[in-house]
């Protein structure tokens, strides 16, 4: 058995967990995601022998390493499960991987490098919505993906496992700086959790991205929230969905 914790614990995550425990919609989403990914689920691709399960269970107890146990039985860490339950945001460009990929400029024009890879129909649908919105600032055509993590024998080597990749519309909103308040990532997630939950309840399956101190304007740093609406889910009545997302964001200012 390994004698050290493989997956570092998030600091001060209790405030985030309390919010989830106090919202039935949230803890039911987490429970369903856990059950759907459990290795003994008929739909799961994970293979775990009785010996591997027992070793993982005992290692979890000895090392107080819940995420390692969750990786063994669900192929997700604790925070992977939360992200893929749509309960906490994905980080912008997590693990050094560009995600989301923005494909238009600040005037809604397609960037030259994507001219051959973006379907004309997708772009025109985006642009028709873009030009008709009263407020289209920080609205882009983008590609984004959901992911979990995989770990090899060396716990310092982390790889993303792409679960779903989509094209859609990305709205970006700058939020007040939290770094000066010395908040951890879990605390930062909690600071925007109420907003995210309202977005997910009104726009189920939207991808929410968050960047702590990632937006710079006039030499000032701000936190950044992204709402990605996949075409596969929101293409019909997309303009209505965009307006709904904006109404929720601005109402929380």
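The values are calculated or read from the model by the stated rules, or taken from the named source; none is laboratory data. Because the structure is predicted, anything quoted here is derived from the model rather than measured. Note: ideal-geometry Cβ built from the backbone for every residue, glycine included; neighbour counts use all protein chains shown.
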Residue 193, sole failed condition from (1) within 12 Å of residue 89 (Cβ to Cβ); (2) at pLDDT 90 or above; (3) in contact with a helix residue (DSSP H, G or I) (Cβ under 8 Å, 6 or more places away or on another chain): (2)
Flag if residue 138 is under 23 Å from the mean Cα position of the chain (by Cα), surrounded by fewer than 17 Cβ atoms within 10 Å (Cβ to Cβ) and closer than 27 Å to residue 237 by Cα: yes
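Quick one: is residue 49 over 28 Å from residue 196 (Cβ atoms), without any contact (Cβ under 8 Å) to a residue 40 or more places away in the chain and either assigned by TED's automatic domain parsing to the domain that holds residue 204 or crowded, with 19+ Cβ neighbours inside 10 Å (or both)?
No, not satisfied.
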Selected residue [in contact (Cβ under 8 Å) with a residue 40 or more places away in the chain and either within 30 Å of residue 194 (Cα to Cα) or outside any helix (DSSP H, G or I) (or both)] from 69, 58, 34: 34
Those residues of region 157-172 which are farther than 19 Å from residue 117 by Cα and part of a strand (DSSP E or B), in sequence order: 158, 159, 160, 161, 162, 163, 171, 172
Any hit, region 93-100, residues being in contact with a helix residue (DSSP H, G or I) (Cβ under 8 Å, 6 or more places away or on another chain), on the phi < 0 side of the Ramachandran plot, modelled with pLDDT of 90 or more and part of a loop (DSSP other than H, G, I, E, B): no
